[in-house]
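Only one structure is covered here, and it is reproduced in the block below.
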Amino acid sequence: YTDIAQKCWDYFVDLMRNVNALELCDWKVISRPYSDLQYCLESAADHLNYSYPNALAEQYIFRSHHRYFHNCTVENPVYFDPPEDVLLAMIIAPICLIPFLVTLVIWRSKDGKAQA
């Protein structure tokens, strides 16, 4: 696996030679080489019945980040799930509102007067 992983890395480095410095943080440009590296490491591990992810594969992934992507920053904000209490309120509020609305509709329909 070590030899194959090194070949995966060499192939990745060769692909990254075609990427100029201004494009290193553009996911549309680097997604293919990066995905190829990950696929190569994963498929080699699968072929050899070796666990994935593994320490060696992680070393190569970390090496790629350190060598090529260390100056990339997130330009768009990363969104996270809201805190649990807010999430719970957002889930329970509509659930509690449904019986109230059903009761209101039934109460209004029992009036018996035809609305024109």
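Derivation of every value follows stated rules applied to the coordinates shown; laboratory data play no part. The structure displayed is predicted, hence computed values, not measured ones. Virtual Cβ from ideal backbone geometry, glycine too; neighbours counted across all protein chains shown.
Multiply the residue gap between His70 and Tyr39 by 0.36 nm, knock off their C-alpha separation, and tell me the result in nm, one decimal place. Each step should come with its number before you reach the end.
Working: separation 31, 0.36 × 31 = 11.16 nm, distance 2.15 nm.
Extending this stretch completely gives an extra 9.0 nm.
Considering the dipole of the chain built from charges on the beta carbon (Lys and Arg +1, Asp and Glu -1) around the Cα centre, which of Phe80, Ala45, Ala57 is farthest to its positive end?
The listed residue farthest towards the positive side: Phe80.
Taking 0.36 nm per intervening residue step and subtracting the Cα-Cα distance, what contour gain separates Glu23 from Ser51 on full extension?
6.8 nm
Which value at 222 nm does the chain reach when only helices count, each DSSP H run of 4 or more adding -39,500 (n - 2.57), with the total divided by all residues and rounded to the nearest 500 deg cm²/dmol? Walk me through the numbers on the way to the answer.
Values: 4 runs with 76 residues, N = 116.
The per-residue figure over the chain is -22500 deg cm²/dmol.
Quick check: residue separation of Thr103 and Ile91 times 0.36 nm, minus the Cα distance between them. What number comes out in nm?
Here the segment from Thr103 to Ile91 would lengthen by 2.3 nm.
Cysteines without a disulfide-compatible partner in the chain, using Cβ under 4.7 Å as the rule?
Cysteines lacking a close Cβ partner in the chain: Cys96.
Mind checking which helices in the chain clear 30 Å along their axis (Cα) and have mean Kyte-Doolittle hydropathy of 0.0 or more, DSSP H runs only?
Qualifying helices, which must be both long enough and hydrophobic enough, are 84-109.
Just to be sure I understand, if you calculate semi-axes √(5λ) of the Cα gyration tensor in Å for this structure, which of (i) 56, 19, 14; (ii) 56, 11, 8; (iii) 113, 11, 4 do you get?
(i)
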